[in-house]
Amino acid sequence: VDHGWSLEEPPHPPSNSLVNLVLDHGLVYVGSEGSGAGRFDGRSWRLWPSGSSCAAPDDTCMSNPTWVYAMTMDQKGRKWFASWASGVEDFDDLAEPPSFHHLWSGAAWPNPHSKAWAAAVDQDGGHWFGMETDCDIDQSPECAPRGLDYYDTSGTWRAFLGPAGKVHSITVDDAGYVWAGYANPGRLLRFRPPVDPTAPAIFPGADSLRVNVEGLAARGQYVWALTDYSISLGGLFRFDLSGRIDTTRYETMDVVPPLAMHPLDVGPDGSVWVGSRSGLRRFPAPPTRHNFIDYTAENSPLVDDQVRAVRVDQQTGVVWLATAGGLSRFDPNYVPGAAAPPSLDLRIYPNPAMITEGATKLRLARKSANDPGGITSGTIYDVAGRHVCDFQVDLGRPDPQVFWDGHDDAGRLVRAGIYFVRIRAGSRATTMRVALVR
């Protein structure tokens, strides 16, 4: 029965349990743990919830996004999402009409192409996915992790490349090299993307880290690697573009949390941001091992300490964080406005005051000796904000001063009602209300 009620849902992400995100010129795309994906424009959300379905290979919606883990965006502005148990999405949701291409949707289970954990796009436009597995549940050979899944510039899948295994992080440096971080067993590879997509890539490797590589981020002359075997062996390390490691170990707050898809990023100023299961650590530029700032849910507005993904807007420096408790935004360049000047501590009496011709005398007195004395100016406004009159009063005198006789600037007696008295003395100001009655 319709009783006039309607359901109004407030703007919200697909879930508070977010695992990854990607940025596109002020838009934030998020992936969740089991509830689909969403797009946030700063005011409202566009959701692609779990369970939604598009039957055609190319359509205007996402095909059953659920566990949306690996996420990236290519040079054409198309987003690439890998959703476990459904497939890979290649789409432009800002086009008219939106264009969605469902790769591997409807493939027989288990679908090895959907089990992606990390993603990046190389300088030639090739798309790389780092593969994982849920073989703890499914022990079939088809479920084994395949290493790197490669799609060419046209978006066509070419091959599984590189050593088989679990790839938890991928980045592309300024020299065009692809870096891939493996886990269980841990290793770090650095290689040139294949010129011929059908030929196997050469993986010369940089196996200098024998711990799980959970995060990679490249900017300028360096590549940063976040390792997470244990808090004693893991940490943050820096490489130059030739693959040489700086042996300095930058300590992190804690190990990465479960489902940490992109826990490391570098800002446009060179500052390094590291997510963990205990909060967010920032190494300001230029990074040094002993100079860092920690943010937690206790000492900042961070919504949850389990920071699973960090993405820094390379134009603005704004940091977006996907956590186990929701989405957080931090602007390290924010400068708070100047504090409001302290107000004057004055009193008007009588208040209310009787308004009569020749008998209205409103006085002003300081309540605090700390308030400035001397000649002070003020303005009176009516309840509609219209100017009534200006006045001056000497607050330095010990006795209360008459400042208004109830007349406007033209000498007319005002009507009964509410009036506002604005007083200014140096950098201080205050507004008080006075009632005139007959």
Check: For the chain, what's the radius of gyration and Dmax over Cα atoms, in angstrom?
Finding: 31.6, 101
Check: Ratio of the range 235-300's C-alpha Rg to 2.2 N^0.38 Å, to two decimals?
Finding: 1.13
Next item on the list: Based on the mean of other Cβ atoms within 10 Å per residue, sort peptides 115-124, 234-243 so the most packed one is first.
Entry: 115-124, 234-243
Item checked: Translational diffusion of the range 304-438, µm² s⁻¹ [Kirkwood Rh, Cα pairs; Stokes-Einstein; 25 °C; 0.890 mPa s] -> 134
Next item on the list: Kindly put TRP179, TRP320 in sequence by how many other C-beta atoms sit within 10 Å of each C-beta, fewest to most.
Entry: TRP320, TRP179
Next item on the list: Kindly rank 392-401, 413-422 from highest to lowest mean number of other beta carbons found within 10 Å of each residue.
Entry: 413-422, 392-401
Notebook entry, point to check: Taking N as the number of residues in the range 221-355, what value does Rg over Cα atoms divided by 2.2 N^0.38 Å take?
Noted result: 1.52
Note to self: What does DSSP give for the chain in terms of the percent of beta bridges that are antiparallel, rounded to the nearest 5?
What the structure shows: 95
Item checked: Overall dimensions of the range 377-427 by Cα: Rg and Dmax, Å -> 11.7, 34
Next item on the list: Report the local net charge at ALA353: Lys and Arg +1, Asp and Glu -1, summed over other residues whose C-beta lies under 14 Å from its C-beta.
Entry: +4
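Here, each number is a calculation from the coordinates, and none is a lab measurement. Note that the structure is predicted; figures quoted are calculated from it, not measured. Backbone-built Cβ (ideal geometry, glycine too); neighbour counts: all protein chains shown.
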